[in-house]
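This report refers to the structure that appears directly beneath it.
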Amino acid sequence: MTNTLNKSTIGASEAILVIEPGRTEKNYWSDLWRYRELFVILAWRDVSVRYKQTIIGILWAVIRPLLTMVVFTVIFGRIAKLPSDGQAPYALLVFAAMLPWTLFANALSESSNSLINNANLIGKVYFPRLIIPTATLVTAFIDFLISFVILLGMMLWYKFIPGWQFLYLPGFILLALLASLGPGLWITALNVKYRDFRYVIPFVVQFGLYVSPVGFSSNVIPEQWRLLYSLNPMVGVIDGFRWCLLGGNSPLYLPGFLLSLGIIAAFLYLGVTHFRKTEKTFADLI
Amino acid sequence: MSDTVIKAENLGKRYTIGHQRGRGDQTTFREVLVQNARNLWNKSRDLVAGRPVIVGDTLEEVWALKDVSFEIKRGEAVGIIGRNGAGKSTLLKILSRITEPTEGRVTIRGRVASLLEVGTGFHSELTGRENIYLNGTILGMTRTEIKKKFDEIVAFSEVERYLDTPVKRYSSGMYVRLAFAVAAHLEPEILVVDEVLAVGDAEFQKKCLGKMGDVTQEGRTVLFVSHNMGAVSTLCSSAILLNSGRLTRQGTTQQVIDEYERLEALEVRSEWTAPYNDDAEAEAHLKKIEILDCFDQKRHIFKSSEPIFIKFTIDIDKPNKNLKIGFDLTRNGLILFRSEQTDSLPPGSLIKKGTNILVCRIPPDILREGDYFLRPMVSIHMVHWIQNDIAPAVLFTVRFDASRSSYHMSITESNHPGIIFPQLIWTVELTTS
């Protein structure tokens, strides 16, 4: 199977490729599958290079969410005295949201800069370009796994045992990744042409941290605003994480969650279609 | 079996290039603001309307490739020849699916691997070993393939000892050897290779050529772009000549190289065209120099009794009243004179944004017999050079017009010493009988 380039197969199973302006490739998605090894190796490259030539290396993935959590716990829990969900310790409430937020923020910023960072590849070789932004999600995911270990440690410390909802966590991790992929694809494609978007993302990420229910529970939002608040797709993801990790303490607000889900799907659709539409001009513009 | 593996029909690729209107003629802050606001408005209008947004006020369409059709049979090694900017790289990029053609179509049977540079995707922080996997995968090899050929690749590259050192510690020679070693072990059905042999030392180049020769022996199809005519003729059985984006000749390598050299010899003398990759930041870009006779025809041999016209085509991006364009005229390495447009035109005469054409006339009966070289110069007066190449761009020849003298068939050092031979006017003031 893997030896399609082998000499014996020349002439036998060769594909006929037609290159024409505006031609949409029928086998794009199967091509994507054929280039899976490239996906793996690009992801591996990003991960192994990420903390090269830094002193504390991978500890960066630990320190940043941990410090933010401490600050948020102090400000929102102690000073502003916002209520936690049920019996859950405030630090856990914050950290359960820090996890998906950091995952989302990292994935979004990495993927939206990904095409520009790989400009040399785009100008010199062909492959389905979708591989580049999606491969960056892996880096964000690895950072997430590291922070996750801290969460487990915190749970031990607080002697907090999550309920059966914990089993749904992988679904919500995927959701956080998809939530970042949609806008990420869109912005990275725009970034090729208009570098303005390079400045948009740090702003969105900084702004979003306060707009999303990271430092506080979304239960503090007045009931009549909940649905409107859920227009922010990360509200659904974060609520979902809390529901999984804090068990019955954070019941899921279903209409809001479904709305977030719909928004994530819409962004993903827009992102993928825009990306596919502009993909062929990347090499000319980058 | 003479089946076609690549068939190109009427391929064309158009690029749209934007030119900025003059910044130099905006003197006040208010004007700059107005201009920026207008640009912003235009851009956002384009964005909303879904039109491509192009930076600049005037647009120019450039056909990098036009009406190119050809067929390539299985197992052929085809050289693609042409000057800089002839469209070779664009053609390769279309064939390797990096960019899309504007018109026409290509049908390709089999898998294409393209090698437009060596070491694509090499990451300086990663070790040699890691980069072999990374680069190999990027070029389209599978992991199992790379594993199988790993030892061969390492042996070919001659960097065994540094395999676990990050490539940023490599010398440039080692880097190129490793990069090429990976590329040389690609085994696609169709291999597209751009000028990659220009790197590396002569010995290694020879090794690479040998390796590529093996590839074609195995019945694979190779498309090869190079400026090295020797490499093209050893590797390729046939060739394609591109000139200004058009296919001007297809045939055996020898025929095509002959044609190319004939064209080059013709053009180097009477015309010079700027290579594509000049400094985009510069105020002005010298595009072309032509040597013309008084009938506006390109020529390179003149009689000493004829005037010679030198035509400069220059694109001005940022008008500047101190822009100077000129040339040194040399013969046998000796500068005869330097001339600049400001010698006879008032300063600031060359400030129109866009394409400007200037003509300098060398009057008749001044130059003596010989080959003259012209070295162009463009500068902002007393500020900086825009263009100051050491190499001459054009060459023309002057032959003595024997009808001008009743005594000499030619002007030589012995009958007329001196670096120029001006035909001065002699009059008879007085004769007594």
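Exposed loop sites are taken as trypsin sites (Lys or Arg not before Pro) in a DSSP loop (any state but H, G, I, E or B) with at most 13 other beta carbon atoms within 10 Å; the longest stretch of chain A without one runs A:196-286. Seen against the Cα atoms of chain B and their longest principal axis, helix B:253-270 is set at about 30 degrees. Here the Karplus curve 6.51 cos²θ - 1.76 cosθ + 1.60, taken at θ = phi - 60°, turns the phi angles of segment A:211-222 into couplings of 6, 7, x, 8, x, 9, 7, 6, 5, 7, 6, x Hz, with x standing for Gly and Pro.
Taking the Cβ-Cβ separation of A:W157 and A:R23 as r and a Förster radius of 56 Å, what is the calculated FRET efficiency to the nearest 0.05?
On the way: r = 59 Å, r/R0 = 1.04.
Efficiency computed from Cβ-Cβ geometry: 0.45.
So what is the relative contact order of segment B:271-408, in percent, for Cα pairs below 8 Å that sit 6 or more residues apart?
So the answer I get is 28 percent.
Here segment B:72-266 was treated as a single set of alpha-carbon atoms; its pair distances binned every 10 Å from 0 give 9, 35, 34, 17, 4, 0 percent. Per residue, the average separation of C-alpha pairs within less than 8 Å and at least 6 apart gives chain A a relative contact order of 25 percent. Enumerate the amide H contacts of B:I301 below 5 Å, restricted to partners 5 or more residues apart or on another chain; note that Pro and chain-start residues carry no placed amide H. Here B:T397 satisfy the definition. Sorting the segments A:91-102, A:208-219 by their residues' average number of neighbouring beta-carbon atoms within 10 angstrom, most packed first, yields A:91-102, A:208-219. Rg then Dmax, both in Å and based on the Cα atoms of segment B:290-424: 16.4, 54. Taking a straight line from the alpha carbon of B:K149, these lysines sit under 20 Å away, with near neighbours fewer than eight places off in the same chain left out: A:K7, B:K207, B:K211.
Sequentially through segment B:353-359, phi angles give Karplus couplings (6.51, -1.76, 1.60; θ = phi - 60°) of 5, x, 7, 10, 10, 10, 10 Hz, Gly and Pro residues having no value and appearing as x.
Under the rule that an exposed site lies in a DSSP loop and has at most 11 other Cβ atoms within 10 Å, name the longest stretch of chain B with no GluC sites (Glu not before Pro) of that kind, not counting the sites themselves.
Segment B:1-217 is the longest.
Going from the residue with the fewest nearby Cβ atoms within 10 Å to the one with the most, A:W243, A:W225 rank A:W225, A:W243. At q = 0.22, 0.24 Å⁻¹ the log10 of I(q)/I(0) for segment A:126-244 amounts to -1.43, -1.51, computed by Debye summation with a single uniform scatterer per C-alpha, solvent ignored.
Here segment A:67-113 is treated as a sphere whose radius is the Kirkwood value from Cα pairs; by Stokes-Einstein at 10 °C and 1.306 mPa s it diffuses with a coefficient of 137 µm²/s.
Annotation: lysines with alpha-carbon distance below 28 angstrom to A:K81 (same-chain offsets under eight excluded): A:K159. When the P(r) is computed for segment A:41-191, the part past 25 Å accounts for 38% of the Cα-Cα pairs. Of all lysines in the structure, the ones whose alpha carbon falls short of 28 Å from that of A:K52, not counting any fewer than 8 places away in one chain, are A:K124, B:K147, B:K168.
Can you give the FRET efficiency for A:A265 and A:L66, using 1/(1 + (r/R0)^6), R0 = 45 Å, r = Cβ-Cβ distance, to the nearest 0.05? Intermediate results must be reported in sequence, preceding the final value.
On the way: r = 32 Å, r/R0 = 0.72.
Step by step, r from the Cβ atoms, then E = 0.90.
The orientation-averaged shadow of the Cα convex hull for the protein assembly as shown, equal to a quarter of the hull surface, comes to 43.9 nm².
Taking θ as phi - 60° and the Karplus parameters 6.51, -1.76 and 1.60, the scalar couplings of segment B:127-139 work out to 7, x, 4, 5, 5, 4, 5, 4, 5, x, 5, 4, 7 Hz in sequence order, x denoting glycine and proline. For segment B:271-408, lysine pairs separated by 8 or more sequence positions, or belonging to different chains, with Cα-Cα distances below 23 Å total 26. The spacing between segment B:150-164 and segment A:33-84, judged by their C-alpha centroids, is 36 Å. Between B:L374, A:N120, B:F224, the Cα set farthest toward the positive side of the dipole of the protein assembly as shown (charges on each charged residue's Cβ, about the Cα centre) is that of A:N120.
Just want to confirm a number: the relative contact order over segment B:72-266, from Cα pairs under 8 angstrom separated by 6+ residues, in percent. Let's see the in-between values first.
Details: 305 pairs, mean separation 68.1, N = 195.
Worked out over segment B:72-266, it gives 35 percent.
Rounded to the nearest 20 debye, the dipole magnitude of segment B:271-408 is 260 debye, with +1 charges on Lys and Arg beta carbons, -1 on Asp and Glu beta carbons, and the Cα centre as origin. Taken over the Cα atoms of chain A, the convex hull encloses 165 Å³ per residue. Over all orientations, chain B has a Cα convex hull whose mean projected area works out to 31.0 square nanometres.
In plain terms, the residue of A:L185, A:L228, B:L334, A:L151 with the fewest other Cβ atoms within 10 Å comes first and the most crowded comes last, giving B:L334, A:L228, A:L151, A:L185.
Dipole size of the protein assembly as shown about its Cα centre, with +1 on Lys/Arg Cβ and -1 on Asp/Glu Cβ: approximately 1720 debye, rounded to the nearest 20. Among B:C360, A:C244, B:C294, sorting on how many other beta-carbon atoms sit within 10 Å of each Cβ, with the fewest leading, yields B:C294, B:C360, A:C244. Here r is the Cβ-Cβ distance between B:L358 and B:D67 and R0 is 30 Å; the resulting FRET efficiency, rounded to 0.05, is 0.35.
Bear in mind that the values in this text are calculations on the coordinates, not laboratory data. Computed from a predicted structure; not experimentally measured. Backbone-built Cβ (ideal geometry, glycine too); neighbour counts: all protein chains shown.
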